[in-house]
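Before any comments, here is the structure.
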Amino acid sequence: MIRRALNGPRATYSVAKHPRLFLATNGKGGGSWRIRFRPHAGAQQCWLTITNDARNVEFDSIVNKAKELISKLELEGVDPRSARPKTGANFDTLFARWLEVYAKVHKRSWESDEKIYRRHIKRRLGSNLVRSIDRLRVIDVLDDIAKAATPIQANRCQSVISAVFSWALDEGLVRSHPALRIRRRGEERVREFVMTDDQLRAFWAKLDGMFENAAIAVRLLLITGQRLGEVVGASADELSLSGDSPEWVIPGARTKNGLRHIVPLTATAVTLFEKARDIARKPDNPFVFPARRMEPEALNGNQVSRQCKEVFREIGAGHMRLHDLRHQAATGMAQCGVPLDIRQMVQNQITGRTQTIGAVYDQYDYAPEKRRALELWERRLLAVVAGKAPPTERYGSATI
């Protein structure tokens, strides 16, 4: 039952025969064991996290730990929170604890958060006593970062600082949240860069100058419209390349929204995946795009991005990045008349289907519609890169 709950959606479960013990799942295959209690008569109920690694901890040990903490509370009046290791007096120590206990368990972007902290926040806020950090101090730090770097970098730093204080507040480590609802220093704008047909043709041709497996990965980005990490991290067991309906099944653990995603594969996508698999030729490495190392590991997407930067500059689109190829695919499907909701299904974007009604009542996988959309986009893309006029066929002009 516990493993089934961990593999299910995000929720909090009570435990039979242990009324103060709860399992909180994160919807991504993991979760935490917590107890709920009143530190003294008349006080509000509090939460204490026993472990954030519910999958790898024995249930009996959790029950014993919970009984120990509750018994000390009831018999000796010892607050269970007093048994928690101290975070230290300064923000640097608080950040380090947040990184280990929370971010590395729940956030895929924890490495990026750590880099931002070391680059901008540590020298400005790290030595400050946590109890001395107030709203004005956080604002001063963000203003200094915006001036020394960029307002957008200040936004990123604000997100990290706010995340640390939110976690600390939930864990009872601080009594206030000094970074709550502070105005953003920079105005965020959605990137909507796409190439013209001429640039797209030049881009496709210049990919031949990159390492072969990197060029294949980039072409798959364009053909499938998926994310870079999903493509370079693809494993052989995710692919079904034979039969009339080849597909690529990306597990929820590798998608941004945590949802299992089925990508119908067009003829070109199948050919590219087969070619990549033939190039890999590492029987002990399950990845279609293996890293150039002895141990089994996927190709680093940053390496692909660096190779592509020069290509973008050469075609006069130096402002673009690889993620913009998702915009390119979405725009191409729109030019073929593919409706917005189908484009979102193809790219596994969070939509109404992830809400309660959509998740319960709409169990249809839209595979035929997604395949139709990707086939139309493939025909348009191949025509453009071949210097031909794009086909006039539209999404609703043929039977699905």
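Helix 151-170 and the long axis of the chain differ in direction by around 40°, with both axes built from C-alpha atoms.
Sort THR150, THR49, THR255 from largest to smallest accessible area, using a 1.4 Å probe on the heavy atoms of the protein chains. The partial results should precede the final answer.
Numbers: THR150 65, THR49 30, THR255 0 Å².
Reading off the accessible areas and sorting them downward yields THR150, THR49, THR255.
Take the chain with all the other protein chains still there, run a 1.4 Å probe, and you get 55 Å² of accessible area per residue. How far is helix 367-385 tilted off the main Cα axis of the chain, in degrees rounded to 10, range 0 to 90? So the inclination is approximately 50 degrees. Where the alpha-carbon atoms of segment 1-76 are placed on the principal axes, they occupy 37, 24, 20 Å, in descending order. Please compare each pair in LYS206/LYS309; LYS28/LYS309; LYS115/LYS147; LYS104/LYS309; LYS17/LYS67; LYS115/LYS256 to a cut-off of 23 Å on the Cα-Cα distance and tell me which ones are over it. Among LYS206/LYS309; LYS28/LYS309; LYS115/LYS147; LYS104/LYS309; LYS17/LYS67; LYS115/LYS256, the Cα-Cα distance tops 23 Å for LYS28/LYS309; LYS104/LYS309. Loop exposure criterion: GluC sites (Glu not before Pro), DSSP state outside H, G, I, E and B, at most 15 other Cβ atoms within 10 Å. Applied to the chain, the longest stretch between such sites is 59-186.
Here the chain is treated as an ellipsoid with the same Cα gyration tensor; its semi-axes, largest first and in whole Å, are 45, 27, 20.
Give the Kirkwood hydrodynamic radius (Å, one decimal) of segment 197-386, defined as one over the mean of 1/r across all pairs of different Cα atoms.
17.1
With all protein chains in place and a 1.4 Å probe, the accessible surface of the chain carries 50 percent carbon and sulfur.
The values are calculated or read from the model by the stated rules, or taken from the named source; none is laboratory data. Note that the structure is predicted; figures quoted are calculated from it, not measured. Cβ: placed from backbone, ideal geometry, glycine included. Neighbour counts: every protein chain shown. Ligands, DNA and RNA are stripped out before the accessible areas are found, and what is left, the full protein with its side chains, is counted by its heavy atoms. Shrake-Rupley method; radii C 1.70, N 1.55, O 1.52, S 1.80 Å.
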